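Contents: one structure, followed by commentary.
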Amino acid sequence: MNSPSPELSAMIDAAQAAGHGLLRRFSQLSELVIRAKSGPADLVSVADEEAEQTARTILSRFRPDYAFLGEEGGQVGDRDASHSWIVDPLDGTTNFLFSCPLWGVNVALARDGEVVAGVTYIPVMEEMFVAEKGRGAWLNGRRIHVSTRATLGDAVLSCGMPFTGKPDHPVFAREMALLSADVAGLRRTGACAVDMAYVACGRWDAYWERALNAWDMAPGLILATEAGGTVSNVRGDRLDLHGQNVCITNGHIHNALVDRLNQALHEAQNEG
């Protein structure tokens, strides 16, 4: 990307600094103290907390009046309610703690509730995904676009899979029953940041999840839309950044996928 805005430059700096710190911790996993936040599958370590503080320090130094929403520290500041940094310092924590390289740093800027810039950095892969409203989506300086596959039968889909402590297990079972026989592939990386970036660059054709937070999906929303994709909630309605679910696709298969997701929800509710 030529001449990113000052805000996007600060976001890239914050993601890189947090990511480099995480890489050091990634090489010292045996020394990390790991805690469960809300259950045995919801883990956090000092690495998450350090990365968020690193990102927050850089972003707050650049725009001290912007609010800050982070996974670990929650909402900080409200002096400028129209602008907010949104940060997931380590998306894919379980992958990270189990030595899997599929994890990333998410940094987004929202203006009046709309994401206007986003960065997803995948340090182990040395991949920096960036997007800014009206200026396209980019990977390591190269313009990216969503895929052109036009049918579910040709598509590779990724999704968030509910685990212990998460809701919607019956719905997910119906989704798999309806989709697995009719698509080219189904994937679950364990990191929303990775999956959404992969849709933006055409590696996956779609991604959906029914239980996630604003910091999980914020950068991926603008990455996907600026790469030519379509974004909605899982019902196909207008997305709410804080609505806790998302469906993003290359656009061509969006309606077909949403129809299957709604059918799965209906069937699961009837069975319940």
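Quick look at the values:
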quantity	calculated
Charge dipole of the chain about the Cα centre (unit charges at C-beta), most positive-ward option of Met217, Ala14, Thr164	Ala14
Cα gyration tensor shape for segment 6-143, rounded if a/c is under 1.5, else prolate or oblate	oblate
Under Karplus coefficients 6.51, -1.76 and 1.60, residue-wise ³J(HN,Hα) of segment 8-14 in Hz, glycine/proline x	5, 4, 5, 5, 4, 4, 5
Solvent-accessible area per residue for the chain (1.4 angstrom probe, square angstrom)	43 Å²
Candidates per trypsin sites (Lys or Arg not before Pro) in segment 225-272, loop by DSSP, up to 15 other Cβ within 10 Å	Arg235, Arg238
Projected label distance in nm at Leu186 and His145, using a 7 Å step from Cα toward the beta-carbon	3.0 nm
Angle between the chain longest axis and helix 169-179 axis [Cα atoms, degrees, rounded to 10]	60 degrees
Phi-based couplings in Hz for segment 202-218 (Karplus 6.51, -1.76, 1.60; Gly and Pro marked x)	x, 6, 10, 9, 6, 8, 9, 7, 9, 9, 8, 10, 4, 5, 5, 10, 4
Accessible carbon and sulfur surface of the chain relative to its total accessible area, %, 1.4 Å	47 percent
Largest-first principal axis extents of the Cα set of segment 152-271 (Å)	39, 30, 25
Between 0 and 90°, nearest 10: helix 46-62 axis offset from the chain longest Cα axis	70 degrees
Cα gyration tensor, segment 72-162 - rounded (a/c under 1.5), prolate or oblate	oblate
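The values are calculated or read from the model by the stated rules, or taken from the named source; none is laboratory data. Note that the structure is predicted; figures quoted are calculated from it, not measured. All Cβ positions, glycine included, derive from the backbone under ideal geometry; neighbour counts span all protein chains shown. Only protein heavy atoms, including side chains, enter the accessible area calculation; ligands, DNA and RNA are left aside. Shrake-Rupley method; radii C 1.70, N 1.55, O 1.52, S 1.80 Å.
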